[in-house]
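Presented below is the structure to which this report refers.
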Amino acid sequence: MAVFKYVEEGFVCYLFCDRPEVNSPEAFRGLCREVFAKACPVTVGTTFGVGLLTALTDDPAENLARFAGIDGGDREDFLGEYPERVREALRQAGVSLENLGYYYHPDEVDEAAAAERDRFSEVHRDAVVVEDFDLTDLRRCPFCGAPARVYRDRDSVLGGITVAVECSYDMCAARIGLLTTEAGVDVAVTDVVSAWNRRAGE
């Protein structure tokens, strides 16, 4: 069992994990990646703060829905269901992540906010620090830098399944994909993710 101190610019959140073997930043990241893969219907290359922490702090996952390309009525359904998806994925993993508290500190001058921050730091002084991290291995778009997403769709013209990685930014057309069968989707996902992540000269 461990308390994790998640840190990103201007924000800190403390999370308690009740599974004894999850006691290091590496194990914590592995657990969160596993949960996110089950909870989000579209594989998105995004950060912990956007992709999973929103459900743990009861904040809406608007940015995640946008990156995943979930629009219209589907977006409302997703935003309503996502926290429960996360809780269910945690239950399947046999673990709970309890939000102990969080705060924003953008050059704060409010004495009460500063006192609350210091109280958290004192109470959880042994917390394992985890910096913001990506929840998938998808690299950001090489052209505009936006998060990428894995896209799957049935091709009504050619038949089969189209599997692609594409940029989540609507004004960027970066995309790589292929056509496969239902049985070949997992291999196709591996292939297109590998192709997307490859960078000339590296």
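Selection within the range 87-104: residues that are open to solvent by 60 Å² or more (accessible area, probe 1.4 Å) and either within 17 Å of Glu9 (Cα to Cα) or out of contact with any helix residue (DSSP H, G or I) (no Cβ under 9 Å at 6 or more places or on another chain) (or both). The member of this set that is modelled with the highest pLDDT is Arg91. Among the residues making up the range 174-199, a single one is in a loop (DSSP other than H, G, I, E, B) and farther than 21 Å from Thr136 by Cα: Thr181. In the range 147-164, of all residues being of a type in the set (A, V, I, L, M) and in contact (Cβ under 8 Å) with a residue 60 or more places away in the chain, the one that is surrounded by the fewest Cβ atoms within 10 Å (Cβ to Cβ) corresponds to Val150. Taken residue by residue, the range 165-175 has at least one member that is touching a helix residue (DSSP H, G or I) at 6+ places or on another chain (Cβ under 7 Å), modelled with pLDDT of 95 or more and either closer than 24 Å to Phe36 by Cβ or open to solvent by less than 90 Å² (accessible area, probe 1.4 Å) (or both). When residues in the range 1-57 are screened for being of a type outside the set (D, E, K, R), part of a loop (DSSP other than H, G, I, E, B) and either buried (at least 22 other Cβ atoms within 10 Å of the Cβ) or in contact (Cβ under 8 Å) with a residue 60 or more places away in the chain (or both), 10 of them pass.
Looking at this structure, is Lys38 in contact with a His (Cβ under 7 Å, 6 or more places away or on another chain) and either more than 24 Å from Tyr104 (Cα to Cα) or modelled with pLDDT of 95 or more (or both)? Considered against the rule, which asks whether it is in contact with a His (Cβ under 7 Å, 6 or more places away or on another chain) and either more than 24 Å from Tyr104 (Cα to Cα) or modelled with pLDDT of 95 or more (or both), Lys38 comes out as no.
Do we have any residue at all in the range 116-126 that's within 25 Å of the chain's Cα centre (by Cα), within 20 Å of Leu31 (Cβ to Cβ) and either surrounded by fewer than 12 Cβ atoms within 10 Å (Cβ to Cβ) or at pLDDT below 95 (or both)? For the range 116-126, residues within 25 Å of the chain's Cα centre (by Cα), within 20 Å of Leu31 (Cβ to Cβ) and either surrounded by fewer than 12 Cβ atoms within 10 Å (Cβ to Cβ) or at pLDDT below 95 (or both): present.
The values are calculated or read from the model by the stated rules, or taken from the named source; none is laboratory data. For clarity, every value in this text was computed on a predicted model and none was experimentally measured. Neighbour counts run over all protein chains shown; Cβ positions are idealised from the backbone, glycine included. Only protein heavy atoms, including side chains, enter the accessible area calculation; ligands, DNA and RNA are left aside. Shrake-Rupley method; radii C 1.70, N 1.55, O 1.52, S 1.80 Å.
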